[in-house]
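What follows is calculated from the coordinates using simple rules that are stated; it is not laboratory data. Remember, predicted model here, so these are calculated numbers, not experimental data. Methodologically, a virtual Cβ is constructed for each residue, glycine included, from the backbone with ideal geometry; neighbour enumeration extends over all protein chains shown.
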Amino acid sequence: MSDTIAKLPLNNINGNSTKINSTKERDVERGEPPSKGGDNSRRSTNGSVDVGSAAALPGVPTTAGSSPSTCRAIARTFQRIVLAMIALGLLGGLVALVWIFMGPIFVLQLVLVVIVAYFVSGGRLRWFYIAFKTAPRDITALSRFIRLMWAIKCHEKKNRSVADVFQQFVAKHPNKSCFVFEDREWTFQEIEDLSNKVAYVFKSHGYRKGDVVALLMENRPEYVAIWLGLSKLGVTIPLINTNLRKTSLLHCINVARCQALIFSDELSESVSEIASSLDAKIALYKFDGKLNTNSSGLKEKDLSVLLDDASSSPLVLQEKGTYNDKLMYIYTSGTTGLPKAAVITNYKFMFIAGAMYYLGKFKTSDRFYTPLPLYHTAGGIVCVGQVLLQGATCVIRKKFSASAYFDDCRKYNCTVAQYIGEMCRYILASPPKPEDTQHKVRAIFGNGLRPQIWSEFIERFNIKQVAEFYGATESNANITNVDNKVGAIGFVSRIIPAVYPISIIKVNADGDPIRNEKGLCQECKPNEPGVFIGKIIPNNPHRAFLGYVDEKASERKVIHDVFKKGDSAFHSGDIVVADEFGYLYFKDRTGDTFRWKGENVSTSEVEAILSNLTNYRDCVVYGVEVTGSEGRAGMAAIHDENETLDLNEFVKNVKENLPSYARPLFIRILTKIDLTGTFKLKKKDLQEEGYNPRKVNDKLYYLDPKSGYQLITPEVYDQILQGKIRF
């Protein structure tokens, strides 16, 4: 996200200077009642007299039978009573549902919040004004959240897995389009049959509940069918990033303790590079959807052939995947080391996907469009989950194309489309054309749509709803924009903040909590930036932090003694800010991690690889801002006192060992280094100096896609600032 958010007034985030404090509202804020007029203030706008006035005026009949206006007044009064009774009934029903799902203590806390809020505000009415303004949003979100929890509770009661829920929709509409890929439509029954074949093959090969089989494959419907089939056996499936190579790829397979690896034919080379380093016990299966393909020379089994001979009948299993079982691992690159395998259970998959469905107000009849990789949470859970758990249809694209985005949506009659922030910028940068609004997309959902382009994007492409959401894969708390607030990633209720256990706490420059004299964390005030946390609630699986396969990595993401001794919370590492009305806005990421091209980049991982590639030279990696681009681009400062580093060989090795989003786009050659007291490079100073040759005496280079690293002169630097050289 851009730091620009922090510089904008939060009531002007959408580019419009909206004055909140009108004359009437200022009276409310000060606690002053509206001004009272004379007798005329009691008259309605059309000149008729209300009941009270009529009764006080001489000569005006008061019996119903002698005055039509009195009859109308009585009717209006009766109507108001009925409406009030209906409203009270709805309120009572809502309270009852909250009582059931949240408990009586929560209802009591809600009442106390209202009472305390009034006295804490010094008798002023500002809190009630905010409550009045935000009540429709909060009630809408709460009602949708209750529907979500009801659905989740039903699955929990029946001990259903994701595969179990999917089978219900197969039975309901077997011939409905499930996935659309490259002009071929896969029905629900076809996906179910293929998943049964997968389960049959791996059961016959001895795999059982608790085993781990990794999946390395590009986007295609078979991707989902394969992990779905494995999940029926209770097998856990690590979904591996297809951009990873060598050290990173090997790490992902080893850290998950895999018994087998399934890979697509397109990624055979990546597997060949690490084959000699793999545990000999790991079985390899290659899949390309075609029969009689050439072997990769890895002694792999041809899964396509095995599936062709397998039965598509449902298996009768003594042990199968259930509600609480691990379903998959999704890798996330955080602030420490190599990619970490985040644990996703069946119920967490249901909660993440279900939250988007209910809070986004999607429909079973919707046709979703995603060009995002299916190994990520956004594409693989949030979007695919709408198919598996809600019976919708999903159009999958192998790779994102800005020019084809809305063309695809129009071609396949999509009604909901998925994005990440950078994608929206690329799409918006494409030349306008008359067909921009000729589509059926009513809503888009995703994360990272910049406030600076939000309004322009929805106006150009005629999008009625933006369901921006926020949440890390491993997080125990995610939020969603439910009312189209421009720039907001969600909200925290100002009326009942405890309804959803998230908070924003004060942190220092390193992202560590700033504690009070009692040793507890401090909540941020409105418009005060802080770290987003999700409170961990004991004995509540939906508020548990499942963490990573690596328990030590999990421990580093949990903070203790948050608001009382003994409690704990998930530390997101993301800086957000909440305005007066509770709307949340993303500001930045704490620590060394930076985000580029929609991916989180771990500097420590890149530093380790670059050090190996440069014969163990000292190097430091950090993110720098690039004009016109979201997030931060990677920059590496490498100690090369004698300038012996061969940049041509270096760029070749970088491309072989790092995914595109993690490659440093800028290089600084250090002839001398300044170390801290703990012998660490002073990263902050280097980051502030950036790649400006007018400030830096060291040689600076930028990565040209064709020519490799090229020297940055003052003239080149100006071209980068002007957007003539783009990344």
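Structural remarks
- Spatial extent of region 564-689: Rg and Dmax, with the Cα atoms as the point set, Å: 17.3, 58
- Evaluating 6.51 cos²θ - 1.76 cosθ + 1.60 at θ = phi - 60° for every residue in region 658-663, the Karplus couplings come out as 10, x, 4, 6, 9, 6 Hz, glycine and proline recorded as x.
- Three-way shape call for region 639-724 based on the alpha-carbon gyration tensor, with the a/c threshold at 1.5: oblate
- Karplus-derived 3J(HN,Hα), 6.51/-1.76/1.60, for each residue of region 304-309, Hz, glycine and proline x: 4, 5, 4, 5, 5, 8
- A simple count of charges around Gln259, restricted to other residues whose Cβ falls under 15 Å of its Cβ and scoring Lys, Arg +1 and Asp, Glu -1, yields +4.
- Residue exposure sequence - Val507, Val716 - by fewest surrounding Cβ within 10 Å: Val716, Val507
- Amide H contacts under 5 Å for Val507, placed H, 5+ residues apart: Ile514, Val531
- For the listed residue pairs Lys440/Lys464; Lys281/Lys340; Lys153/Lys320, the alpha carbons are over 18 angstrom apart in Lys281/Lys340; Lys153/Lys320.
- Applying a DSSP loop filter and a limit of 10 other Cβ atoms within 10 Å to the GluC sites (Glu not before Pro) in region 504-551 leaves Glu517.
- 5 angstrom amide H check on Phe491, placed H, neighbours 5+ away: Thr480, Leu584
- The separation of region 354-428 from region 558-626, counted between C-alpha centres, amounts to 27 Å.
- DSSP-assigned coil residues among trypsin sites (Lys or Arg not before Pro) in region 629-715, each with at most 14 further Cβ atoms within 10 Å: Lys672, Lys680, Lys682, Arg694, Lys695, Lys706
- Region 457-511 shape via C-alpha gyration tensor axes, a/c threshold 1.5: prolate
- Around Lys699: net Lys/Arg minus Asp/Glu count, Cβ-Cβ under 12 Å: -2
- A simple count of charges around Glu656, restricted to other residues whose Cβ falls under 13 Å of its Cβ and scoring Lys, Arg +1 and Asp, Glu -1, yields +2.
- Note on Lys290: lysines with a C-alpha under 20 Å away, same-chain residues under 8 apart excluded, are Lys197, Lys299, Lys301, Lys398.
- Under 5 Å between amide hydrogens, built in the peptide plane, is the criterion, and for Ala392 it picks out Val387 among residues at least 5 positions away or on other chains.
- Cα shape, region 496-602, gyration tensor, a/c 1.5 rule: rounded
- Per-residue 3J(HN,Hα) values for region 636-648, derived from phi via the Karplus relation 6.51 cos²θ - 1.76 cosθ + 1.60 with θ = phi - 60°, read 10, 9, 10, 7, 9, 4, 9, 6, 9, 5, 8, 5, 5 Hz in sequence order (x marks Gly and Pro).
- Sparse-neighbour loop sites [trypsin sites (Lys or Arg not before Pro); region 395-427; at most 13 other C-beta within 10 Å; DSSP]: Lys398, Lys399
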